[in-house]
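Taking it in order: structure first as structure tokens, then the write-up.
The values are calculated or read from the model by the stated rules, or taken from the named source; none is laboratory data. These figures come from a predicted structure and were not determined experimentally. Don't worry about glycine lacking a Cβ; one is built from the backbone with ideal geometry, like all the others, and counts go over all protein chains shown. These area figures cover heavy atoms from the full protein model, side chains too; ligands, DNA and RNA do not enter into them. Shrake-Rupley method; radii C 1.70, N 1.55, O 1.52, S 1.80 Å.
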Amino acid sequence: MRIAVLGAGSLGTIAGAYIAAGGQDVELIDVYQAHVDALNQSGAKITGTTDFHTKVKAITPDDMSGTYDLVLLLTKQLYNDSVLQNLLPFLGDDSVVLSLQNGIPEEKVASIVGRERVIAGSVEFGATFLEPGVSKLTTEYGHFKSYAFQIGELNGERTERIRRIKAILDLVGGTHISDNLVGTKWSKLLVNNAFSGLSAALNTEFGGVLDHEVSVVSAAHIADETIKVGHANGVTFAKMNGFDMASLEIQSEEDLPERVQTLRSFMKSSRLLKASMLQDLEKKRKTEIDYINGVVPRLAEGKGILTPYNDMVVQLVKQAEANQSVPDFDVNIRFFEKLNQ
């Protein structure tokens, strides 16, 4: 099987490295020439909660050739139109595009490459890009090896091809097949909204969100808004790492302390993670905020559900984008203090 990791950033470098070390024919594809050069010259180096180094093959999109049997799609949704159109000539009739992007992009991906080619997935580990050729694993290594991915057919079937893809991804970390793919993606969206969104809006790691009373309470409200909007749109949230994500819904204010404690326990293994959106702000790049926290207010329209916490995250991240600045925690936390009153 010929495999492409399309978007070999922090996550893609880790995935590609372990797949290559497992003896698979894989190419890491990225537009960042210095990164591609470093990967080819020195190999992929994974630091953080592990120490791993292996040879890989890396190319830029201009050097793509032949047909890929499996494409791990890890580029940002911002660029899906151009990225997927450029990918089409390198797909065969039986090629599979595994969407591992944040948010819920599968319908868009399917509209370009064909629904029959699409399998959806959720990345359940965190990473930070340190420098060309080097990625930092920020999830505890044991957790990473147990829960790295969830994948599933769009129709929920357990097919032979999805079992083959699971075997490849198991080379990276624990991979689980979901028969409720939409619910899986929404569960991941919930975590991204509550922690990646606040990480970017406040300029902190996930641990910083968990440790401050105002931000962790805000995370609980963001999770609650996401669940309520998901339910209003017919979503049944899938379990994540065996945990019932829908149980985070807040029915009354008396539920809040328990929800906060649950979040602190559930997210303990991800304390070191810094949102990729925050990394984008640091590099003065546009973020995926419209495809993460922005999904909730958009799908709340006409449903009679208020989403002030997700709205605030979107507002603050877009303000930082416009100013090409990085948020100030002490300044932005005050906006959430007012919401919590």
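Details
- Where LYS76 falls short, out of the listed (1) charged (D, E, K, R); (2) surrounded by 21 or more Cβ atoms within 10 Å (Cβ to Cβ); (3) more than 26 Å from ASP62 (Cα to Cα): (3)
- Residue check for GLU225: more than 22 Å from the chain's Cα centre (by Cα) and in a helix (DSSP H, G or I): no
- Test: LEU248 is touching a helix residue (DSSP H, G or I) at 6+ places or on another chain (Cβ under 7 Å) and over 20 Å from GLU205 (Cα atoms): yes
- Boolean, ASN203 is of a type outside the set (Val, Ile, Thr) and on the phi > 0 side of the Ramachandran plot: yes
- Qualifying residue in the stretch 141-154 (condition: under 20 Å from GLY92 (Cα atoms) and not charged (D, E, K, R)): yes
- Candidates THR128, THR54 - the one that is farther than 20 Å from SER270 by Cα and of a type in the set (Ser, Thr, Tyr): THR54
- Scanning the stretch 159-191 for residues that are at pLDDT below 95 and either touching a Cys at 6+ places or on another chain (Cβ under 8 Å) or of a type in the set (Asp, Glu) (or both) gives a single hit, ASP179.
- Among the residues of the stretch 50-75, the one identified as farther than 28 Å from ARG163 by Cα and among the hydroxyl-bearing types (Ser, Thr, Tyr) is THR60.
- The set of residues in the stretch 1-27 that are over 18 Å from the mean Cα position of the chain (by Cα), open to solvent by less than 40 Å² (accessible area, probe 1.4 Å) and either within 14 Å of THR128 (Cα to Cα) or not small (Gly, Ala, Ser) (or both) comprises ILE3, TYR18, ILE19, VAL26, GLU27.
- For beta carbons closer than 7 Å, sequence separation of 6+ or different chains, a first residue in the stretch 3-22 that is in contact (Cβ under 8 Å) with a residue 24 or more places away in the chain and among the hydroxyl-bearing types (Ser, Thr, Tyr) and a second that is in a strand (DSSP E or B) and surrounded by 23 or more Cβ atoms within 10 Å (Cβ to Cβ), the qualifying pairs are SER10/ALA127; SER10/SER135; THR13/LEU28; THR13/ALA44; THR13/SER135.
Per-residue answers, yes or no, for (1) open to solvent by 10 Å² or more (accessible area, probe 1.4 Å); (2) touching a Leu at 6+ places or on another chain (Cβ under 9 Å); (3) not in a loop (DSSP other than H, G, I, E, B):
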position: ILE104; (1), (2), (3): yes, yes, no
position: ILE112; (1), (2), (3): yes, yes, yes
position: THR128; (1), (2), (3): yes, yes, yes
position: ASN155; (1), (2), (3): yes, yes, no
position: ARG158; (1), (2), (3): yes, no, no
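- Residue selected from the stretch 233-251 under the condition surrounded by fewer than 16 Cβ atoms within 10 Å (Cβ to Cβ) and out of contact with any Leu (no Cβ under 8 Å at 6 or more places or on another chain), by the criterion farthest from GLY174 (Cα to Cα): GLN251
- Residue-level analysis places ALA238 outside the set of residues that are in a helix (DSSP H, G or I) and among the aliphatic types (A, V, I, L, M).
- Residues of the stretch 130-153 satisfying the condition of being open to solvent by 50 Å² or more (accessible area, probe 1.4 Å) and more than 16 Å from GLY173 (Cα to Cα): LEU130, GLU131
- Flag if GLY43 is open to solvent by less than 40 Å² (accessible area, probe 1.4 Å) and either modelled with pLDDT under 95 or touching a His at 6+ places or on another chain (Cβ under 9 Å) (or both): yes
- Only one of ASP94, ASP51, ASP37, ASP62 that is under 27 Å from TYR291 (Cβ atoms), open to solvent by 10 Å² or more (accessible area, probe 1.4 Å) and among the charged types (D, E, K, R): ASP62
- Look at the stretch 227-252: where a residue is over 16 Å from ALA300 (Cβ atoms) and a partner is at pLDDT below 95 and of a type in the set (Val, Ile, Thr), sitting 6+ places away or on another chain with Cβ atoms under 6 Å, you get ALA238/THR184.
- Just one of the numbered conditions (1) more than 29 Å from ARG298 (Cβ to Cβ); (2) open to solvent by 10 Å² or more (accessible area, probe 1.4 Å); (3) not in a helix (DSSP H, G or I) is not true of THR204: (1).
- Test: residue in the stretch 214-232 that is out of contact with any Lys or Arg (no Cβ under 6 Å at 6 or more places or on another chain), crowded, with 18+ Cβ neighbours inside 10 Å and modelled with pLDDT under 95: no
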